[in-house]
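Engineer: One structure, as structure tokens, below. Some questions next.
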Amino acid sequence: LLIAKDKDSHQILQEQFINRTVKKRYTALLEGLFDNREEKGFIDLPLALDYLNRPMQKVDYNEGKAAQTFYEVVETDLDKNRTRVHFYPKTGRTHQLRVHAAHEQGLNIPIVGDDIYGQRDERLHLHADFIEFLHPVTNKTMTFSVKAPF
């Protein structure tokens, strides 16, 4: 969560998000193992609201908005049948990482605890663990990271 202290700072930070210069990384634990897939890759599936199943999003090549995510496998746990990945979203659509993980044209493995696109658990195992941006006043690079609690 990034909060600006004043209107000018807000505008500068907002421009960084619009221009996609803010670097973000999310860690997720997936409900399965990677089979015959690249351990690094790019998912490009346009998303739109599924009006009949709100709040779900759906892949829609006609009406959907661009939704793009880079991913990389970090760790595989064969005993628990789980895969830890890092997601680097290029765009920021609603449920983008969740759909890109679960959809058959994406990773086809839902995030642990995703009660919309997967199965309920004690929590959603998706964590924003890294952000980097330019300070709106000093223009210095600001980097923050917090390890995923799972």
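The values are calculated or read from the model by the stated rules, or taken from the named source; none is laboratory data. Worth saying up front: this structure is predicted, and the values here are computed from it rather than measured. Here the Cβ is made from the backbone with ideal geometry for all residues, glycine too, and neighbour counts use every protein chain on show. The area values use the complete protein model at the heavy-atom level, side chains included, leaving out ligands, DNA and RNA. Shrake-Rupley method; radii C 1.70, N 1.55, O 1.52, S 1.80 Å.
Engineer: Please give the strands (runs of 3 or more DSSP E) falling wholly within segment 6-69 in which 3 or more residues are within 26 Å of residue 121 (Cα to Cα) and among the aliphatic types (A, V, I, L, M).
Structural biologist: 23-30, 47-49
Engineer: To continue, here is another question. Are there any pairs with C-beta distances below 9 angstrom linking a residue in segment 55-76 that is more than 15 Å from residue 34 (Cβ to Cβ) to a residue that is of a type in the set (Lys, Arg) and in a strand (DSSP E or B), with the two at least 6 apart or on different chains, and if so which?
Structural biologist: 64/58; 70/40
Engineer: Collect the residues in segment 90-101 that are touching a Leu at 6+ places or on another chain (Cβ under 9 Å) and open to solvent by 20 Å² or more (accessible area, probe 1.4 Å), keeping them in residue-number order.
Structural biologist: Once the filter is applied, which keeps residues that are touching a Leu at 6+ places or on another chain (Cβ under 9 Å) and open to solvent by 20 Å² or more (accessible area, probe 1.4 Å), segment 90-101 yields 93, 94, 95, 98.
Engineer: A further question follows. State whether the residues of segment 79-89 include one that is hydroxyl-bearing (Ser, Thr, Tyr), in contact with a helix residue (DSSP H, G or I) (Cβ under 7 Å, 6 or more places away or on another chain), closer than 21 Å to residue 143 by Cβ and surrounded by 14 or more Cβ atoms within 10 Å (Cβ to Cβ).
Structural biologist: No, that holds for no residue.
Engineer: Turning to a different aspect of this structure: Quick check: anything in segment 26-37 buried (at least 17 other Cβ atoms within 10 Å of the Cβ) and touching an Asp or Glu at 6+ places or on another chain (Cβ under 6 Å)?
Structural biologist: Yes.
Engineer: Further question: Within segment 102-150, which residues are open to solvent by 70 Å² or more (accessible area, probe 1.4 Å), under 16 Å from the mean Cα position of the chain (by Cα) and hydrophobic (A, V, I, L, M, F, W, C)?
Structural biologist: 146
Engineer: Restricting the first residue to segment 108-123 and requiring it to be closer than 16 Å to residue 58 by Cα and assigned to a loop (DSSP other than H, G, I, E, B), which pairs with a second residue that is open to solvent by less than 30 Å² (accessible area, probe 1.4 Å) and polar (S, T, N, Q) meet a Cβ separation below 7 Å and a spacing of at least six or different chains?
Structural biologist: If the second residue must be open to solvent by less than 30 Å² (accessible area, probe 1.4 Å) and polar (S, T, N, Q), the pairs left are 109/83.
Engineer: Residue 40 is checked against (1) over 14 Å from residue 108 (Cα atoms); (2) open to solvent by less than 80 Å² (accessible area, probe 1.4 Å) and fails just one. What number does that condition carry?
Structural biologist: If we test residue 40 against (1) over 14 Å from residue 108 (Cα atoms); (2) open to solvent by less than 80 Å² (accessible area, probe 1.4 Å), just (2) comes out false.
Engineer: Could you say whether any residue in segment 76-84 is assigned to a loop (DSSP other than H, G, I, E, B) and either in contact with a strand residue (DSSP E or B) (Cβ under 8 Å, 6 or more places away or on another chain) or charged (D, E, K, R) (or both)?
Structural biologist: Within segment 76-84 (the criterion being assigned to a loop (DSSP other than H, G, I, E, B) and either in contact with a strand residue (DSSP E or B) (Cβ under 8 Å, 6 or more places away or on another chain) or charged (D, E, K, R) (or both)), the answer is yes, since at least one residue qualifies.
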